Amino acid sequence: MALALLEFESIAAGIEAGDAIVKRAEISVLYAGTVHPGHYLLLLDGEVGELEEAIDAADMIGFEYVTDRVFLPDPHPELAAALKGKRTTGGGEALGIIETKTVAAALVAADAGLKTAAVILREIVLADDLGGKAYLLFGGPVDDVGAAIEIGIERAGTRVIGSRVIAQLHDEMDTNLAGHARFAARLRGS
């Protein structure tokens, strides 16, 4: 199985590319839709060859509108679970954070970190209400979290905005991270 994400700066081009993809290859469109700041995302999975063919079809339609992309021929299983909304609380003696400019960069960083070190992916937050940015949270032993952050940054390159490794995260901050990610929603619930 493989996973791919294409981010378009043109909604029209994204919709047309999505249509071309499903007409050309037998893949699953996990998500197709708009995100802030007015971009269009296509998140796809399928067999490697089929997904490569689908990406070729998208390139013929809207290559000049693709702002970022990722193709992961063998994504880590935890990444797929996190994309479907799985959140893990706690996670060891350290918290690692990578913040990226694009959704694709966060997927690359998360997959690389998970494959490199003994960490868990606590959560991945993508685009909505973040102005198109994304961030991910790793948990685990300090050294492993540091290694996951380092390789994630290396793979995501210039698309990384910032990162941190926090040893012994305070329980109050851990509880806050486990809650709703949206500030206003948290305030209304208190």
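The values are calculated or read from the model by the stated rules, or taken from the named source; none is laboratory data. This one's a predicted model, so the numbers in the text were calculated from it and none came from an experiment. Cβ atoms come from the backbone with ideal geometry, glycine included; neighbour counts cover every protein chain shown.
Worth pointing out:
- The lone exception for Glu99 - which of (1) surrounded by fewer than 18 Cβ atoms within 10 Å (Cβ to Cβ); (2) over 18 Å from Tyr31 (Cβ atoms) it fails: (1)
- If only residues of segment 58-78 that are of a type in the set (A, V, I, L, M) and in a helix (DSSP H, G or I) are counted, the one that is nearest to the chain's Cα centre (by Cα) is Ala58.
- Search result, residues across segment 10-47 that are touching a helix residue (DSSP H, G or I) at 6+ places or on another chain (Cβ under 9 Å), in contact (Cβ under 8 Å) with a residue 40 or more places away in the chain and under 16 Å from Ala134 (Cβ atoms): Leu30, Val35, His39, Leu41, Leu43
- Being farther than 12 Å from Ile97 by Cα, of a type in the set (S, T, N, Q) and surrounded by 14 or more Cβ atoms within 10 Å (Cβ to Cβ) holds for only one residue in Thr175, Thr116, Thr158, and it is Thr116.
- At least 1 residues being at pLDDT 85 or above and in contact with a Lys or Arg (Cβ under 6 Å, 6 or more places away or on another chain) is the threshold, and among the helices (runs of 4 or more DSSP H) wholly inside segment 79-190 those reaching it are 103-116.
- Residue ID - surrounded by the fewest Cβ atoms within 10 Å (Cβ to Cβ), chosen from residues in segment 124-155 that are farther than 22 Å from His39 by Cα and touching a Phe, Trp or Tyr at 6+ places or on another chain (Cβ under 9 Å): Asp144
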